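The values are calculated or read from the model by the stated rules, or taken from the named source; none is laboratory data. No experiment lies behind these values; they were computed from the predicted model shown. Cβ: placed from backbone, ideal geometry, glycine included. Neighbour counts: every protein chain shown. Areas reflect the complete protein model, heavy atoms only, side chains present, ligands, DNA and RNA absent. Shrake-Rupley method; radii C 1.70, N 1.55, O 1.52, S 1.80 Å.
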Amino acid sequence: MALLISSRHEKYPEYPVVISEIACICRDKKDVFKFTAQVANWADECPWVFEYAFFGCMAKVADDFVSPEAQLMNEDGSFTDLMRKLMNEQPMTET
């Protein structure tokens, strides 16, 4: 992912980058946490990334493509462990 975004930035270096709707499609919680941490840490350190947002802050899973493990909100409207980790842990650990 970083390579793809970096190549776009190299083509248009005068523009800041906004990354939206990032989500892991893996069904394994450990892999989802690892992916999320790697992306967030990379984006936080990248000077030309203006902002980024993960997909899944909704009470119900949007579809079968995005992993339920990547959800940021529980059905009752509370935040998942992944969302709390994303909000409160910088840099994020992969577990």
Check your understanding: Are any residues in the range 1-41 of a type in the set (A, V, I, L, M), closer than 14 Å to residue 51 by Cα and touching a strand residue (DSSP E or B) at 6+ places or on another chain (Cβ under 7 Å), and if so, which ones?
Key -> 5, 17, 18, 19, 22, 39
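Where residues in the range 45-71 are within 15 Å of residue 31 (Cα to Cα) and in a loop (DSSP other than H, G, I, E, B), which of them is modelled with the highest pLDDT?
Residues of the range 45-71 within 15 Å of residue 31 (Cα to Cα): 66-71.
From what is left, the residues that are in a loop (DSSP other than H, G, I, E, B) are 66-67, 71.
Details: 66: 81, 67: 89, 71: 93.
Of everything passing the filter in the range 45-71, 71 is modelled with the highest pLDDT.
Looking only at the range 28-48, filter to residues that are among the acidic types (Asp, Glu) and within 19 Å of residue 4 (Cβ to Cβ); which one of those is most open to solvent (accessible area, probe 1.4 Å)? Don't jump to the end; show me each part of the working.
Of the range 28-48, the ones among the acidic types (Asp, Glu) are 28, 31, 44-45.
Checking the rest, the ones that are also within 19 Å of residue 4 (Cβ to Cβ) come to 44-45.
On the way: 44: 76, 45: 150 Å².
In this case the residue turns out to be 45.
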Review point. Name the residues in the range 19-36 that are β-branched (Val, Ile, Thr) and modelled with pLDDT of 95 or more, would you?
Key: 32, 36
Point to revise | Selection from the range 72-93 of residues that are part of a loop (DSSP other than H, G, I, E, B) and over 30 Å from residue 15 (Cα atoms) | key: 74, 75, 76, 77, 78, 80
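When you look at residue 67, is it among the polar types (S, T, N, Q), open to solvent by less than 20 Å² (accessible area, probe 1.4 Å) and touching a residue at least 12 places away in the same chain (Cβ under 8 Å), yes or no?
yes
Give the residues of the range 13-27 that are open to solvent by 100 Å² or more (accessible area, probe 1.4 Å) and either at positive phi or touching a His at 6+ places or on another chain (Cβ under 9 Å) (or both), sorted by residue number.
Going residue by residue through the range 13-27, those that are open to solvent by 100 Å² or more (accessible area, probe 1.4 Å) are 14-15, 21, 27.
If the condition is that a residue be open to solvent by 100 Å² or more (accessible area, probe 1.4 Å) and either at positive phi or touching a His at 6+ places or on another chain (Cβ under 9 Å) (or both), then 15, 21 are the ones that fit.
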**Study point:** Pair list, Cβ under 7 Å, 6 or more apart: the range 1-29 residue without any contact (Cβ under 8 Å) to a residue 40 or more places away in the chain, other residue among the charged types (D, E, K, R)
**Key:** 18/51
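In the range 3-12, is there at least one residue being crowded, with 17+ Cβ neighbours inside 10 Å and farther than 20 Å from residue 61 by Cα? Full working, then the answer.
Initially, the range 3-12 is screened for residues crowded, with 17+ Cβ neighbours inside 10 Å, giving 5.
After this cut, where a residue has to be farther than 20 Å from residue 61 by Cα as well, the list is 5.
Yes, the range 3-12 has at least one match.
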